[in-house]
1. Tell me which residues, restricted to the range 21-45, are over 19 Å from Ala91 (Cβ atoms), part of a strand (DSSP E or B) and either among the aromatic types (Phe, Trp, Tyr) or in contact with a helix residue (DSSP H, G or I) (Cβ under 8 Å, 6 or more places away or on another chain) (or both).
2. Could you check how many residues of the range 39-77 are farther than 19 Å from Arg3 by Cβ and of a type in the set (A, V, I, L, M)?
3. Among the numbered criteria (1) among the aliphatic types (A, V, I, L, M); (2) in contact with a Gly (Cβ under 8 Å, 6 or more places away or on another chain); (3) surrounded by fewer than 23 Cβ atoms within 10 Å (Cβ to Cβ), which one does Val75 miss?
4. So the check is Cβ under 8 Å with 6+ separation or different chains; which pairs have a first residue in the range 46-66 that's within 16 Å of Phe88 (Cα to Cα) and a second one that's surrounded by fewer than 16 Cβ atoms within 10 Å (Cβ to Cβ) and of a type in the set (A, V, I, L, M, F, W, C)?
5. Which number in (1) more than 14 Å from the chain's Cα centre (by Cα); (2) over 17 Å from Ile16 (Cα atoms) marks the one condition that Gly119 misses?
6. Taking the condition of a type in the set (Asp, Glu), in a helix (DSSP H, G or I) and either surrounded by fewer than 20 Cβ atoms within 10 Å (Cβ to Cβ) or touching a strand residue (DSSP E or B) at 6+ places or on another chain (Cβ under 7 Å) (or both), does Asp49 pass?
7. Is it true that some residue in the range 16-31 is buried (at least 16 other Cβ atoms within 10 Å of the Cβ), basic (Lys, Arg) and closer than 26 Å to Gln125 by Cα?
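Please treat every number below as a calculation from the coordinates, not as lab data. Because the structure is predicted, anything quoted here is derived from the model rather than measured. Glycine also receives a Cβ, built like all others from the backbone with ideal geometry; neighbour counts cover every protein chain displayed.
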Amino acid sequence: MKRIIAFGGSNSKKSINKALATYAANKVENTETIIVDLNDFDLPLYGIDLETESGIPADVNRLIELLESADGLVVSLAEHNGSYAAAFKNAYDWMSRVDQKVWKNKPMLLMTTSPGARGGATVLQTAKAGFPYLGGNIIADFSLPSFYDNFSEDGIKNEDLNTDLNQKIKLLEKAI
């Protein structure tokens, strides 16, 4: 069975991006979903001095091994002040010190959501521009605006957005 990693780019215990990534990953047919929660990894704030003195933390390698074990990735990024959430950026920085191809060229559905009407559009554009240089094989991307208006435990309420996401999920299925 194929394995999908659902990765929410936030350390919020109630991460709406983790919820969206999990929802989308679980819709990929004939796959097992592994949910990555950044809170499950002990990753000190990256710095070259810390790396030189202490090396790479074991949890960085554990996170990399999870990504390597995947057949596909569903990554949904939180947007903080127009950029990545600090916890995600820190994990991303650590992983890039081990292997510049952080995303291992795995087929990826790249997403974002936020409570606002732009749905994390700025961080999505940043990731779409940068991820390919670090092994990101972005098959499709999706932004869900106004999370609390458009999402429930039953899924995406807005029919057009739901149809759009389902089409993107089908593209990921074909790629894996």
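1. Hits for the range 21-45 are Thr31, Thr33.
2. Summing the residues that are farther than 19 Å from Arg3 by Cβ and of a type in the set (A, V, I, L, M) in the range 39-77 gives 8.
3. With (1) among the aliphatic types (A, V, I, L, M); (2) in contact with a Gly (Cβ under 8 Å, 6 or more places away or on another chain); (3) surrounded by fewer than 23 Cβ atoms within 10 Å (Cβ to Cβ) applied to Val75, the lone miss is (3).
4. Once the first residue is within 16 Å of Phe88 (Cα to Cα) and sits in the range 46-66, its partners that are surrounded by fewer than 16 Cβ atoms within 10 Å (Cβ to Cβ) and of a type in the set (A, V, I, L, M, F, W, C) give Val60/Val98; Asn61/Val98; Ile64/Val98; Leu66/Ile34.
5. (2)
6. In short, yes.
7. Among the residues of the range 16-31, at least one is buried (at least 16 other Cβ atoms within 10 Å of the Cβ), basic (Lys, Arg) and closer than 26 Å to Gln125 by Cα, which makes the answer yes.
For every residue, the table says whether it meets (1) among the acidic types (Asp, Glu); (2) over 28 Å from Asn166 (Cβ atoms); (3) within 15 Å of the chain's Cα centre (by Cα).
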| residue | (1), (2), (3) |
| --- | --- |
| Asn26 | no, no, yes |
| Thr31 | no, no, no |
| Val36 | no, no, yes |
| Leu43 | no, yes, no |
| Gly47 | no, yes, no |
| Glu51 | yes, yes, no |
| Gly55 | no, yes, no |
| Ala58 | no, yes, no |
| Leu66 | no, no, yes |
